[in-house]
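Here is the structure we will look at, set down as structure tokens.
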Amino acid sequence: MSQQEQHLFSNYPYWAECFGTAPFLPMSREEMDVLGWDSCDVILVTGDAYVDHPSFGMAVMGRMLESQGFRVGIIAQPDWNNPQDFMKLGKPNFYFGVTGGNMDSMINRYTADLKVRSDDAYTPGGVPGKRPDRAVIVYSQKCREVYKDVPIVIGGIEASLRRIAQYDYWSDQVRRSVLIDSGADILLYGNAERAIVDLTHALAQGRSVSELTDLRGTTIVREAPPAGWTEIDSTRIDWPGHIDMIPNPYEMKDTEKMSCSTDNKTEEGADSDVMPIKIVPMPLQRKVEHDKDTSYVRLPSFEKVRNDSALYAHASRVLHQEANPYNARPLIQKHGTREIWVNPPPIPLETDEMDSVFGFPYARVPHPSYGDAKIPAYDMIRFSVNIMRGCFGGCTFCSITEHEGRIIQSRSQESVLTEIEEIRDKVPGFTGTISDLGGPTANMYHLTCKSETILKNCRRLSCVYPTICKNLETSHKPTTELYRAARKIPGVKRIAIASGLRYDLAVKDPEYVRELVTHHVGGLLKIAPEHTEQNVLTKMMKPGMGTYDEFKRMFDKFSKEAGKEQYLVPYFIAAHPGTENSDMMNLALWLKKQKMRVDQVQTFYPSPMSLATAMYHSERNPLQRMSYKSQKMHIPRDIAQRRLQKAFLRYHDAKNWPMLREELKAMGRTDLIGSGTNALIPAEDVSNRGRHVPRPGFKPKGRIKR
């Protein structure tokens, strides 16, 4: 297995470097002519409008390849019914690179209730309908239609989260790997700078895509496993294996005999009501010696997981256990007569490599062809700075870890400050406010494992659940110093922090909380407890509310010391797998006690590859031992129940009172209906007496149909 640990910029540039840097990557033949190009080496096809900014994937990949000496063109939001749109830049010399865009095309178009959205933030004017459903598949097939002999490389989050057989919420079935359905030659998953550089240089040297079988961060189709390798069979549920009592559902004894802390002691300040979770280690042929460098794990086949949801949950767990790029083994999954081979994740970028990626000569504005049209997603991020990648939180409902990995990749302070100066000097409309310094989270900048040896052998997906790992560096000093340095830049009046805060980490560093609250909160700060009830939090892998209370005390104290009236804005999820109506009722009572009336509420959205989606589909908890006789989880699946659970979050909205009254009566909690101090909602209006309002639980069940 190739380790791909060489420096990102160690390759000798391709000859086309002589053309220099393009002000914008060309979107037309006319622009190519101005640049002196007769052809493009690579053409990127994307479902987003082209914004030359490091927050847009096509710009990062395009500028990355440009820095390697390749000529890159962009076809943005082509008309998929018009083959000519895919031929506008001619035939690429090496390949088409296809992505659905910064968002999954299905999530981009449909709400959690499967209603069609009225806008698209990545399209000029926010106009909807400018990309097809399952854009990666459609675009790939159109590229193949117009140039049959040109290789097709797919990537981005839509492809990344569909690299193996995956449950598809929109069709309510398990679909094949997108590599099979698209007909592409290779799939790049995760942050793909290393893979795309190595792949493109290999093709430039005359190699074919079919020869590139061992690139990290790639998925390919094979006819058979490689000869001479050892197969670790994991095609049956939790077999063979034994139950380990461990404080983290992802921790397991590795063959290297090295892991994170495995003691069961609750750390100081942690929630005492979070109990260890039982899980079966990934089935291993433990008595058989094998070379870890020539071993792979066989998942249940597509046909098996399509017809057996318990096997699907099992396969999901195995995939998540093979997430550390330093000890992950390749995965293989049969699809009919072909094999999907998933190479281990890419080696994370070092700080100097991250600095170079974010330091490319981005124009930092949309392509001129869009004129004065507003692109909402760009307007939202044009004054923000991404300081890091990855997340070690491991929340089961989130797919960030599955895409970007759990190892934090951070930029240097100098690189971030330089970007702030570029925004000040280059971006139209800048008035002195940086809208965010963040990333997947606001406060994981430069946080990593204290031991490189432990980091490279750990199989935990969360470093902070159920307690913060003792091997995790929790000092926020680099972040605090960054904030202070950023505030000193001439022309910068304010630095806001808009990314979600991981408050269980923040409480470990009061100096950081003081700095944040005093200088970087404009009255409101977003945090995400997601729920209050332990029954749900254990399935989310989120901390208990004791940590929230601790952070709130700090927040209020430092706000008062700063002479500011500031508030926390907590986010909650309704209808998460395992959530009972009583859980939502208790959450509503907590909100009322806190005198909170939340307006922005979220219903659980089963995104591809997340563990919570495996729970949703299988009704089983992959964080625990599974068997066909195990008790199934409660899944709020039908539209009536999802709306009811969301209604509990908005208990103050009069439109929700009729259904809440009926449910509370059915639950035997009529004490919560009335005008008393303990009541959740008012008593029934006189005008409604005698009218029957059907309780949501008695409505015909079924998924929402488009």
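The values are calculated or read from the model by the stated rules, or taken from the named source; none is laboratory data. Note that the structure is a prediction, hence the values are computed from the model and not measured. When we count neighbours, we look across all protein chains shown, and the Cβ atoms used for this are built from the backbone with ideal geometry, even at glycine. All accessible areas refer to the heavy atoms of the entire protein, side chains included, with ligands and DNA or RNA removed. Shrake-Rupley method; radii C 1.70, N 1.55, O 1.52, S 1.80 Å.
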Exercise. Could you pull out the pairs from K508/K539; K592/K646; K374/K526 whose alpha carbons sit more than 22 Å apart here?
Key: K508/K539; K374/K526
Exercise. Compute the acute angle (0 to 90°) between the alpha-carbon long axis of helix 477-487 and the principal axis of greatest extent of the alpha-carbon atoms of the chain; round to the nearest 10°.
Key: 80 degrees
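In Å², and per residue, what accessible area does the range 23-166 have when probed at 1.4 Å with the other protein chains present? All intermediate terms of the calculation are to be shown ahead of the outcome.
Values: 4440 Å² over 144 residues.
So the range 23-166 comes to 31 Å² accessible per residue, rounded to a whole number.
Largest first, what is the accessible-area ranking of C398, C18 with a 1.4 Å probe?
Working: C398 40, C18 100 Å².
Output order, biggest surface exposure first: C18, C398.
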Quiz item: Given the convex hull of the Cα atoms of the range 295-411, what is a quarter of its surface area in nm²?
Solution: 11.1 nm²
Quiz item: Hey, which aspartates and glutamates would be in cross-link range of K115, C-alpha to C-alpha under 20 Å, not counting anything within fewer than 8 residues on its own chain?
Solution: D104, D133, E158, D168, D172, D599, D638
Quiz item: Separation of the range 117-186 and the range 540-617 by C-alpha centroid, Å?
Solution: 33 Å
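Under the rule a/c < 1.5 gives rounded, and otherwise a/b versus b/c splits prolate from oblate, where does the range 345-406 land using the Cα gyration tensor?
Values: a/c = 2.92, a/b = 1.58, b/c = 1.84.
Oblate.
Work out how much length K564 to S208 would gain on full extension: take 0.36 nm times their residue separation and subtract the Cα-Cα distance, in nm to one decimal.
Numbers: separation 356, 0.36 × 356 = 128.16 nm, distance 6.20 nm.
Using 0.36 nm per residue and subtracting the Cα-Cα distance, I get 122.0 nm.
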Quiz prompt | Top positive-direction residue, dipole computed over the chain with Cβ charges, set I681, I400, T467 | solution = I681
Quiz item: What's log10 of I(q)/I(0) for the range 472-594 at q = 0.15 Å⁻¹, Debye sum over Cα points only, no solvent?
Solution: -0.75
Practice problem: In whole Hz, with x marking every Gly and Pro, tabulate ³J(HN,Hα) for the range 673-678 from phi via Karplus 6.51 cos²θ - 1.76 cosθ + 1.60, θ = phi - 60°. | Solution: 10, x, 10, x, 5, 8
Quiz item: Along the principal axes of its C-alpha atoms, what lengths does the range 410-544 span, in descending order and rounded to whole Å?
Solution: 47, 36, 26
Practice problem: Check the straight Cα-Cα distances from K450 and name the aspartates and glutamates below 13 Å, setting aside those fewer than 8 residues away within the same chain. | Solution: E473
Quiz item: If you take the square roots of the eigenvalues of the alpha-carbon gyration tensor of the range 145-242 and sort them as a ≥ b ≥ c, do you get rounded (a/c under 1.5), prolate (a/b over b/c) or oblate?
Solution: oblate
Quiz item: Setting aside same-chain residues fewer than 8 positions from K488, which aspartates and glutamates have a Cα under 20 Å from its Cα?
Solution: E414, E419, E421, E422, D425, D436, E511, E515
Quiz item: Taking the mean number of other Cβ atoms within 10 Å as a proxy for protection, how do you rank 168-175, 551-558, 38-45, 591-598 from highest to lowest?
Solution: 38-45, 551-558, 168-175, 591-598
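Name the shape class, rounded, prolate or oblate, that the alpha-carbon gyration tensor gives for the range 575-614, where a ≥ b ≥ c are the square roots of its eigenvalues, rounded holds for a/c under 1.5, and otherwise prolate holds if a/b is larger than b/c and oblate otherwise.
Values: a/c = 4.06, a/b = 1.95, b/c = 2.09.
Here the range 575-614 falls in the oblate category.
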Practice problem: Can you send over the carbon and sulfur percentage of the accessible area for the range 482-625, probe radius 1.4 Å, protein chains only? | Solution: 47 percent
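Mind ranking 313-321, 29-37 by how tightly packed they are, going by the mean number of other C-beta atoms within 10 angstrom, highest first?
Details: 313-321: 24.6, 29-37: 14.6.
Result, highest mean Cβ count within 10 Å first: 313-321, 29-37.
Ordered by packing density, taken as the mean number of other Cβ atoms within 10 Å over each peptide's residues, highest first, how do 616-624, 650-658 rank? Each step should come with its number before you reach the end.
Values: 616-624: 23.1, 650-658: 16.1.
Per-residue Cβ counts within 10 Å, averaged per peptide and sorted highest first, yield 616-624, 650-658.
Can you tell me the mean projection area, over all orientations, of the convex hull of the chain's alpha carbons? Units nm², please.
On the way: hull surface 127.6 nm².
Orientation-averaged projected area of the Cα hull: 31.9 nm².
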Quiz item: Pulled fully out, how much extra length does the chain show between K470 and M633, if you take 0.36 nm times their separation in residues and subtract their Cα-Cα distance?
Solution: 55.5 nm
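Run the numbers on the chain and let me know its relative contact order in percent, using alpha-carbon pairs under 8 Å that are six or more apart. Kindly include the intermediate steps, with their values, before the conclusion.
Numbers: 1437 pairs, mean separation 86.5, N = 706.
Relative contact order for the chain comes out at 12 percent.
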Quiz item: Can you give the extra length, in nm with one decimal, that the chain gains between Y12 and S675 once fully stretched, where that is 0.36 nm per residue apart less the Cα-Cα distance?
Solution: 231.2 nm
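Using a 1.4 Å probe, what is the accessible area per residue for the range 305-460, in Å²?
Values: 4990 Å² over 156 residues.
Per-residue value: 32 Å².
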Practice problem: Could you point to the residue in G73, M27, S140 farthest towards the positive end of the range 1-149's charge dipole, with +1 and -1 charges on the Cβ of Lys/Arg and Asp/Glu respectively? | Solution: S140
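What is the percent carbon and sulfur in the accessible area of the range 282-426, measuring with a 1.4 Å probe over the protein chains and ignoring ligands? It would help to have the intermediate numbers written out before the result.
Numbers: 2550 of 5130 Å².
Roughly 50 percent of what the probe reaches on the range 282-426 is carbon or sulfur.
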Quiz item: Hey, what angle do you get for helix 309-321 against the long axis of the chain, alpha-carbon based, 0 to 90 degrees rounded to 10?
Solution: 60 degrees
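What's the carbon and sulfur percent of the range 173-228's accessible surface, probe 1.4 angstrom, rounded to a whole number?
Working: 760 of 1880 Å².
Ligands and nucleic acids excluded, carbon and sulfur give 40 percent.
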Quiz item: From the backbone phi of the range 543-548, what are the Karplus-calculated ³J(HN,Hα) couplings (6.51 cos²θ - 1.76 cosθ + 1.60, θ = phi - 60°) in whole Hz, Gly and Pro given as x?
Solution: x, x, 6, x, 5, 4
Quiz item: Counting each DSSP H run of 4 or more residues in the chain as -39500 (n - 2.57), what helix-only mean residue ellipticity at 222 nm follows after dividing by all residues, to the nearest 500 deg cm²/dmol?
Solution: -8000 deg cm²/dmol
Exercise. Tabulate in residue order the Karplus-calculated ³J(HN,Hα) for the range 511-520, using 6.51 cos²θ - 1.76 cosθ + 1.60 with θ = phi - 60°, rounded to whole Hz; enter x for Gly and Pro.
Key: 4, 5, 4, 4, 4, 4, 5, 6, 10, 10
